[in-house]
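*Asks:* What follows is a structure written as structure tokens; I'll ask about it next.
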Amino acid sequence: MQEYLLKQFGLDNKVAIVTGASRGLGQAMAIALGEAGAKVVAVGSRIESVEKTMEILKGKNIDCLALGCDQAKGEEINAVIDATIKTYGQIDILVNNAGTIKRAPAHEFSDEDWNEVINVNLNGVFKFCREAGKHMLKQGSGKIINVASLLSFSGGITVPAYAASKGGVAQITKALANEWASSNIQVNAIAPGYFETDNTANLRKDTERFDSITARIPSGVWGKPEDLAGAAVYLSSQASNYVNGHVMLVDGGWMAR
């Protein structure tokens, strides 16, 4: 049984790019993929931002590479892909986790904030998929995991650009899954619920809002970054070879209520 599980879920000799790997969800997924056997390319907005992640990975004897990337800039995305190929010769897994959020009432939401969120959360995700996909198509295999959101399904409050971008992430996932499935490339997404991360720090400080959200979660608790580890490893492994175009909720039961 152990040998079977290692074969199904193990990531030995795989190379995984994880964006937004400096902290929170991205850091947790980078560590999980490394512990499962993958070589990890940890990408942050600046190379210095992933120092802590690299320290953890190296402490676990995980082969890793740190790269900086402004996801709103296509040339920097290309540089990440090129550096990964130059270092490891392949790309087997891409985890598109990097993202940003801006909060304001819709009637006051600025063009600048709208464009920034869409450029990072939607345009950047597509460009990473496209550039990594070129190499996966050549090698005849690959796993892409986009990080969606509960707001891929609902509209949220005072986050119109974020909701629009995450709805788009779900549709990009399905579109690429349809196009690349016959080339043995599985494209899926993880939709986290409410997690304890920097992005939700201000939300959690609002006692009334925090309590109302917590009461709506069937499990009664917010997720911790490590709660995404199993989903990330599963969707990166051969155990999920027949899973494609799926948006997997990891939400404590939020969407079931």
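*Asks:* Looking only at region 191-227, filter to residues that are open to solvent by 60 Å² or more (accessible area, probe 1.4 Å) and among the β-branched types (Val, Ile, Thr); which one of those is farthest from residue 167 (Cα to Cα)?
*Replies:* It comes out as 207.
*Asks:* Continuing with this model, one more query. Within region 98-131, count every residue that is more than 13 Å from residue 162 (Cβ to Cβ), open to solvent by 30 Å² or more (accessible area, probe 1.4 Å) and either among the basic types (Lys, Arg) or in contact (Cβ under 8 Å) with a residue 24 or more places away in the chain (or both).
*Replies:* Residues that pass the stated criteria total 5.
*Asks:* Could you list, in sequence order, all residues of region 51-70 that are in a helix (DSSP H, G or I) and among the aliphatic types (A, V, I, L, M)?
*Replies:* Those that are in a helix (DSSP H, G or I) and among the aliphatic types (A, V, I, L, M): 54, 56, 57.
*Asks:* Does region 38-48 include one or more residues that are farther than 17 Å from residue 198 by Cβ and assigned to a helix (DSSP H, G or I)?
*Replies:* Taking every residue of region 38-48 in turn, at least one turns out to be farther than 17 Å from residue 198 by Cβ and assigned to a helix (DSSP H, G or I).
*Asks:* Pairs needed: first member in region 36-51, closer than 14 Å to residue 62 by Cα; second member anywhere, charged (D, E, K, R) and not in a strand (DSSP E or B); C-beta distance under 6 Å; at least 6 residues apart or different chains.
*Replies:* 37/12; 38/14; 39/63
*Asks:* Please find, within region 40-59, the residue that is nearest to residue 70 (Cα to Cα) out of those that are surrounded by 24 or more Cβ atoms within 10 Å (Cβ to Cβ) and not small (Gly, Ala, Ser).
*Replies:* 43
*Asks:* With respect to the numbered conditions (1) within 16 Å of the chain's Cα centre (by Cα); (2) closer than 20 Å to residue 75 by Cβ; (3) surrounded by fewer than 22 Cβ atoms within 10 Å (Cβ to Cβ); (4) not basic (Lys, Arg), which one is the sole condition not fulfilled by residue 170?
*Replies:* (2)
*Asks:* Could you tell me which residue of region 8-39 is most open to solvent (accessible area, probe 1.4 Å), considering only residues that are out of contact with any Gly (no Cβ under 9 Å at 6 or more places or on another chain) and of a type in the set (D, E, K, R)?
*Replies:* In this case the residue turns out to be 35.
*Asks:* Just wondering, is there one or more residues in region 128-138 that are among the basic types (Lys, Arg), part of a loop (DSSP other than H, G, I, E, B) and either within 27 Å of residue 241 (Cβ to Cβ) or out of contact with any helix residue (DSSP H, G or I) (no Cβ under 8 Å at 6 or more places or on another chain) (or both)?
*Replies:* No, region 128-138 contains no residue that is among the basic types (Lys, Arg), part of a loop (DSSP other than H, G, I, E, B) and either within 27 Å of residue 241 (Cβ to Cβ) or out of contact with any helix residue (DSSP H, G or I) (no Cβ under 8 Å at 6 or more places or on another chain) (or both).
*Asks:* Please indicate, with yes or no, whether at least one residue in region 212-226 is within 22 Å of residue 126 (Cα to Cα) and of a type in the set (Phe, Trp, Tyr).
*Replies:* No, the conditions are met nowhere in region 212-226.
*Asks:* If you don't mind, there's one more thing I want to ask. Here are some residues: 81, 77, 91. Which one is touching a strand residue (DSSP E or B) at 6+ places or on another chain (Cβ under 7 Å) and under 24 Å from residue 176 (Cα atoms)?
*Replies:* 91
*Asks:* Among the residues of region 91-108, is there at least one that is over 20 Å from residue 26 (Cα atoms), assigned to a helix (DSSP H, G or I) and not small (Gly, Ala, Ser)?
*Replies:* Yes, region 91-108 contains at least one residue that is over 20 Å from residue 26 (Cα atoms), assigned to a helix (DSSP H, G or I) and not small (Gly, Ala, Ser).
*Asks:* Further question on the same structure: Of the residues in region 164-186, how many are of a type outside the set (S, T, N, Q) and touching a Lys or Arg at 6+ places or on another chain (Cβ under 8 Å)?
*Replies:* 1
The values are calculated or read from the model by the stated rules, or taken from the named source; none is laboratory data. Quantities reported herein were computed from a predicted structural model and do not represent experimental measurements. Please note: Cβ atoms are built from the backbone with ideal geometry, for glycine as well, and neighbour counts cover all protein chains shown. Side chains are part of the model used for accessible areas, which takes the heavy atoms of the whole protein and leaves out ligands, DNA and RNA. Shrake-Rupley method; radii C 1.70, N 1.55, O 1.52, S 1.80 Å.
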